[in-house]
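Participant: Please read through the structure below; I'll follow up with questions.
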Amino acid sequence: MRIVVLVSGTGSNLQAVIDAVRAGELDVEIAAVGADREGTYGIERSDEAGIETFVVNFNSFPTRAEWDAALADKVASYRPDVVVSSGFMRIVSAEFIARFGGRYLNTHPALLPAFPGAHGVRDALDYGVKVTGCTVHWADAGVDTGPIIAQEALAVADSEDEDSLHERIKVIERRLLIDVLRRLAAGEVPAPA
Ligand code: GRF
């Protein structure tokens, strides 16, 4: 199974996938890693790992539609079976997702449909929930919407801050993402509708 991973930031979840592949624990081929801006640590990590990388800079395009189409062309050139949004902080279009047969995977650091959006961890903390977690799902063109594949919950500790909670969530998020990719490669996950 060939995957293209999209990142916007540090790419620590991506690193966990790279490590699992290298350790022979995950039988997928990371065809390329792409970002929506220059200078991300996620791209640096991938370069260091000898993985092909690309940037389709959101700010270099006059319209979102042109950026989206350019990104789709670039991703398609790697002929992925699955596209993975791993901390990719941009919404892509329905046309983008359709081009990959709906096989656009996203991870989110909250128990969807609760707390979608860029600040899921902060929003859950601010609400005062006692349990939160992470979600791996087939993404559609909405904000963190689409069929859920896997979720795992975790109890919120007293007086926890956003950073410590996010770090604890990421530990399970990485494990869940790798597990879903393994099940996908084994043909055990139903295709998106
Ligand atoms: C993850 O928690 C992801 O769900 C969220 O941003 C984080 C990405 O972290 N959207 P990293 O870039 O993999 O370190």
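Participant: Let me check I've understood the local charge: for VAL180, count other residues with C-beta under 13 angstrom from its C-beta, Lys and Arg +1, Asp and Glu -1. What total comes out?
Facilitator: Summing Lys/Arg as +1 and Asp/Glu as -1 gives +1.
Participant: Choose one answer from GLY39, GLY142, GLY24: the residue with the largest mean-square fluctuation in a GNM of the chain with alpha-carbon springs under 10 Å.
Facilitator: Comparing GLY39, GLY142, GLY24 in a Gaussian network model of the chain, the most mobile one is GLY24.
Participant: In debye, nearest 20, what is the charge dipole magnitude of segment 2-185 about its Cα centre with +1 on Lys and Arg Cβ and -1 on Asp and Glu Cβ, if you could check?
Facilitator: 460 debye
Participant: Here's a follow-up. R0 = 22 Å: FRET efficiency of GLU38 with ASP161, Cβ-based, nearest 0.05?
Facilitator: With R0 = 22 Å, the Cβ-Cβ based efficiency is 0.15.
Participant: If I take every Cα pair under 8 Å that is 6 or more residues apart in segment 70-193, average their sequence separation and divide by the length, what percent do I get for the relative contact order?
Facilitator: 22 percent
Participant: Can you run phi through the Karplus equation (6.51, -1.76, 1.60; θ = phi - 60°) for segment 80-90 and list ³J(HN,Hα) in whole Hz, with x for Gly and Pro?
Facilitator: Taking θ as phi minus 60°, the curve returns x, 7, 9, 9, 10, 8, 10, x, 8, 9, 10 Hz for segment 80-90.
Participant: Per the Kirkwood formula on distinct C-alpha pairs, the Rh of segment 52-193 is how many angstrom?
Facilitator: Result for segment 52-193 stands at 16.1 Å.
Participant: On to the next question. Sticking with the crude label model, points 7 Å out along Cα→Cβ, report the distance from GLU48 to ARG175 in nm, one decimal please.
Facilitator: So the label points at GLU48 and ARG175 sit 2.5 nm apart.
Participant: As an exercise, use a Förster radius of 41 Å and the Cβ-Cβ distance of SER60 and ASP81 to find the FRET efficiency, rounded to the nearest 0.05.
Facilitator: 0.90
Participant: Tally Lys and Arg at +1 and Asp and Glu at -1 over the other residues with C-beta under 13 Å from the C-beta of GLY42: what net charge comes out?
Facilitator: On the way: positive: ARG37, ARG45; negative: ASP36, GLU38, GLU44, ASP47, GLU48.
Spelling it out: positives minus negatives among the neighbours equals -3.
Participant: Using DSSP H assignments, which helices in the chain have an axial alpha-carbon span of 27 Å or above and a mean Kyte-Doolittle hydropathy of -0.5 or higher?
Facilitator: TM-like helix candidates: 162-185.
Here, each number is a calculation from the coordinates, and none is a lab measurement. Bear in mind the structure is a predicted one, so any value in this text is a computation, not a measurement. Backbone-built Cβ (ideal geometry, glycine too); neighbour counts: all protein chains shown.
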